[in-house]
Amino acid sequence: MLILLPPSEGKSAPRRGPALDLTALGSPALTDARTQVLAALVDLCRVDADPDVPMQNALLLERAAATLGLGSSQSELVHLNAALRTSATTRADKIYTGVLYDALGFATLSAAAKRRANTRVAVASSLFGLVRPNDAIPAYRLSGDVTIPGLGPVAGVWREALEPAVREALGNGLLVDLRSTMYAAFWRPPADLADRVATVRVLHEHNGTRKVVSHFNKATKGRIVRAVLEHGGNPRTPDGFADLLVELGWDVEVHQPTRKGTQLDVVVSEI
């Protein structure tokens with residue numbers, strides 16, 4: 001089983017650790033694409049190279065922030081990206097933060113669940129393509145909808161590169177795709193994998209009305225991943241995954257299979 005997660009916008013920056021080594025990351029077939037994206041991002045964010053021309057540097061900083069979709073108070077994230085080659089790294093499961101990752105709670109998983117996470121969980125990343133929980137990476141800021149000058153849309157880079165890497169990581173197992181819409185655009189499972197693809201939508205039911213609520217969606221997906229890793233089950237089909245979720249206490253509705261896979265609706269009434 002391979003569980004694909006979206007990244008978090010917010011990240012925890014380590015204070016110490018080795019510098020980034022792209023060749024040490026999982027899915028080594030992605031090294032060339034990672035090198036291209038990293039170089040383009042660092043070049044975009046290198047905005048204070050010449051202290052004698054502060055006005056030019058200010059304009060470069062403004063351009064980089066605008067390209068990355070950052071506000072005027074987030075210039076530190078531009079500088080964060082500029083230093084990516086020498087910044088401290090740590091395990092990715094300590095880097096990603098936010099509602100989903102708080103609910104998943106990598107740090108408090110049992111030893112067995114942590115081992116499963118290293119082989120069954122991957123994060124879709126704008127900078128690295130796929131990231132395993134035990135990959136050593138720095139904190140960075142790069143959303144999935146960014147177009148970097150000289151490189152183009154990051155989604156386009158990964159659309160070309162991810163197919164063989166995901167297939168290798170998936171093997172003969174089930175793909176549980178929990179990515180958000182933005183990161184799902186990086187790679188879409190082809191029709192020949194449809195019978196091994198499960199997507200999950202979380203619906204909040206209140207007073208007889210159901211709707212998707214971002215906070216419930218993220219928190220519930222984090223709890224689902226945690227429970228599945230702790231349980232240790234390894235279903236091979238979407239129906240098998242739905243049965244596992246029911247066993248773990250969720251209310252699950254299974255849609256008809258399509259060429260894109262099988263959608264599972266998890267219905268929650270409270271967080």
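What follows draws every value from the coordinates through simple rules; no lab data is involved. Bear in mind that the values here come from a model prediction, so they are computed numbers and not experimental data. Methodologically, a virtual Cβ is constructed for each residue, glycine included, from the backbone with ideal geometry; neighbour enumeration extends over all protein chains shown.
Treating each Cα of the chain as an identical point scatterer and summing with the Debye formula, the log10 of I(q)/I(0) at q = 0.08, 0.14 Å⁻¹ comes to -0.34, -0.99. Please list, or write none, the aspartates and glutamates whose alpha carbon is within less than 16 Å of the alpha carbon of Lys11, excluding same-chain residues fewer than 8 places away. Cα-Cα hits under 16 Å: Glu76, Asp93, Asp102, Asp135.
Of the cross-linked pairs Lys114/Lys221; Lys218/Lys260; Lys114/Lys211; Lys211/Lys260, which ones have a Cα-Cα span greater than 26 Å in the structure shown? Correct reply: Lys114/Lys211.
Counting charges near Thr237 (Lys, Arg +1; Asp, Glu -1) among other residues having Cβ under 12 Å from its Cβ returns a value of -1. Ordering of 83-93, 185-195 by packing is 83-93, 185-195, highest average first (other Cβ atoms within 10 Å, averaged per residue). A simple count of charges around Ala107, restricted to other residues whose Cβ falls under 13 Å of its Cβ and scoring Lys, Arg +1 and Asp, Glu -1, yields +2. With contacts taken as Cα pairs under 8 Å at a separation of at least 6 residues, the chain carries a relative contact order of 24 percent. Remark: Met1, Met182 ranked as Met182, Met1, counting other beta-carbon atoms within 10 Å and listing the fewest first. Report note on the peptides 148-156, 96-104: ranked by the mean count of other C-beta atoms within 10 Å, highest first, their order is 96-104, 148-156. Among the trypsin sites (Lys or Arg not before Pro) within the range 131-190, not one is in coil by DSSP while having at most 10 neighbouring Cβ atoms inside 10 Å. Of the peptides 237-243, 18-24, the ranking by mean beta-carbon count within 10 Å, highest at the top, reads 237-243, 18-24.
In this simple spin-label approximation, Arg210 and Asp251 carry label points 7 Å from Cα along the Cα→Cβ vector, and these lie 0.9 nm apart. Does the range 1-46 come out rounded, prolate or oblate, given a ≥ b ≥ c as the square roots of the eigenvalues of its C-alpha gyration tensor, rounded meaning a/c under 1.5 and, failing that, prolate meaning a/b above b/c? Because its axes are fairly even, with a/c under 1.5, the range 1-46 counts as rounded.
Rounded to 0.05, the FRET efficiency of the Ala111 and Asp48 pair, given R0 = 35 Å and the Cβ-Cβ distance, is 0.20.
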